[in-house]
Amino acid sequence: MLKRVYILIAVACMAAAIPVFAQQQLRWSVDAGSVFENREGDDYYSPDQTITFTRLSPEVGVSLMGGRHLLMGGVSWYQPIGNGWKGYKLSPTVYYRYLSPTWRISLGMLPRTQLIEQLPTVLMSDSLRYTEPNIRGALIQYVHRRGFMELALDWRSLQTEEQREAFSVYFNGRWYATGPLMLGGRLQVNHLAKSLNPTPDQNVNDDISVNPYAGLDLARFTPRLDSLSVTAGLILQLERDRGTGVWHRPYGLTFDAIAEWRFLGIEEHLYVGKNLYPLYPKYGSLLNMGDPNFQAKVYSRTNVRAYIFRNQFLNLYASLDFHYTPDAFAFWQKIALRLYIDDRLWSDRRNKVSHNQYLCKYY
């Protein structure tokens, strides 16, 4: 009798699962890119170097319940050019993602491209963006017609005998108040702990960045330009080496302006204030993930770029980046490629109506 009950329960469970699995769909994507970047300058905050690499990030998985639930797996392969197979890095990609008209939730090891807006260089440098393609933890996003919010937990380093525990919590939000006015803010918390068997000089460290800002999105008021925006904000940094117990509280002002016209674009990012990373000489990017130029009291970065190809699948551009501080000047030349395709774009590749959006640049 008991055996029959078990059989009936198993049959009932399979019958209940049939509608769910009947809605499953194979999903796949390929995100690939390559960068050639030559960095020249006074070699004060960051070394002169040439960075050349390719990346290939394929994913495959299934979607359930009409695409609201996804389970995806893959790998991100980072390969420097000119050194054979040496220096490569494989980052596993395995995550669950929930999608609704307003909420997006990802858990696992997920591509950093899922962020609605990539981290500014004061929070994550170009070099780290190149070598750290994934968020390792969770991402929660809320999307509204007048703005968005996203919260990410990135477990950057697991505590072992050799490596120190490190994680980051990142919040970003923006609200389009009225007309062209927008208000927003960013918060990032970096925590650097000890290894399992710490040396006497290892201490627990904290790094907190707070960045409220206001700006104007003027694109719709300038129809001849594809984009035009200006923002200004305050950035406050809180840093502590628990070995000394001293809190550092540097702060400064930020100004950003971005304009694009057809295939040309220009960006200006200006910082004026105190040294934002007083602990950078000791801990480097383990604690302060932003560009080391923010140790200067004045830092201006001007990017001038030209898009060679830009459509829904491909973004290829060349840029000239000028970095100025009172102590140093650097000139970077870059060519960056990003190519993205997935099952839905591929099936709709001949439908020109859907090809009205540009693939965003990731590098």
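Once you reduce the stretch 87-129 and the stretch 273-337 to the center of their Cα atoms, the two points are 20 Å from each other.
Multiply the residue gap between residue 25 and residue 266 by 0.36 nm, knock off their C-alpha separation, and tell me the result in nm, one decimal place.
So the extension gain works out to 82.6 nm.
Projecting the Cα atoms of 108, 278, 204 onto the charge dipole of the chain, computed from C-beta unit charges around the Cα centre, puts 108 farthest toward the positive end.
Looking at the stretch 23-124, what % of its DSSP beta bridges pair antiparallel, to the nearest 5? Around 100 percent antiparallel, to the nearest 5. The listed peptides 27-39, 284-296, 197-209, ordered by packing as a protection proxy, come out as 284-296, 27-39, 197-209 (highest mean of other Cβ atoms within 10 Å first).
Cα-Cα over 26 Å: which of 274/361; 89/194; 89/334; 89/274; 86/334? List each step's numbers first, then the result.
Numbers: 274/361 31 Å; 89/194 24 Å; 89/334 22 Å; 89/274 36 Å; 86/334 23 Å.
274/361; 89/274, as the Cα separations exceed 26 Å there.
Between the alpha-carbon centres of the stretch 168-245 and the stretch 143-161 there is a gap of 12 Å.
When the chain is treated as a Gaussian network with alpha carbon springs shorter than 10 Å, the biggest mean-square fluctuation among 108, 61, 87 belongs to 87.
Between residue 251 and residue 204, full extension at 0.36 nm per residue minus the direct alpha carbon distance yields a gain of 14.7 nm. Rolling a 1.4 angstrom probe over the protein heavy atoms with all chains in place gives the chain an accessible area of 53 Å² per residue.
Give the value in nm², to one decimal: projected area of the alpha carbon convex hull of the stretch 203-355, averaged over all directions.
Values: hull surface 48.6 nm².
If I average the Cα hull's projected area over directions, I get 12.1 nm².
Taking Rg and Dmax of the Cα atoms in Å as calculated from this structure, the corresponding entry among (1) 22.6, 74; (2) 22.9, 85; (3) 21.1, 67 is (2). Taking the 1.4 Å solvent-accessible surface of the chain as the whole, the part contributed by carbon and sulfur is 65%. Let's test the formula: R0 of 45 Å, r as the Cβ-Cβ distance of residue 236 and residue 349. What FRET efficiency results, to the nearest 0.05? My answer for the efficiency is 0.45. Which is farthest toward the positive dipole end of the chain among 213, 181, 44, measuring Cα position about the Cα centre, with Cβ charges +1 (Lys, Arg) and -1 (Asp, Glu)? In the chain, that residue is 181. Would you compute, from DSSP H runs of 4+ residues alone, the mean residue ellipticity of the chain at 222 nm, taking -39500 (n - 2.57) per run and dividing by the full residue count, rounded to the nearest 500? Helix-only estimate at 222 nm: -3000 deg cm²/dmol.
Farthest toward the dipole's positive end in the chain, which of 83, 123, 54, given Cβ charges of +1 (Lys, Arg) and -1 (Asp, Glu) about the Cα centre? Value: 54. Helix 2-22 and the longest principal axis of the C-alpha atoms of the chain enclose an angle of approximately 50°.
The values are calculated or read from the model by the stated rules, or taken from the named source; none is laboratory data. Not measured: the values here are computed from a predicted model. Every residue, glycine as well, gets a Cβ built from its backbone with ideal geometry; the counts of neighbours run over all protein chains shown. To get the accessible areas, we keep the full protein, side chains included, count just its heavy atoms, and leave off ligands, DNA and RNA. Shrake-Rupley method; radii C 1.70, N 1.55, O 1.52, S 1.80 Å.
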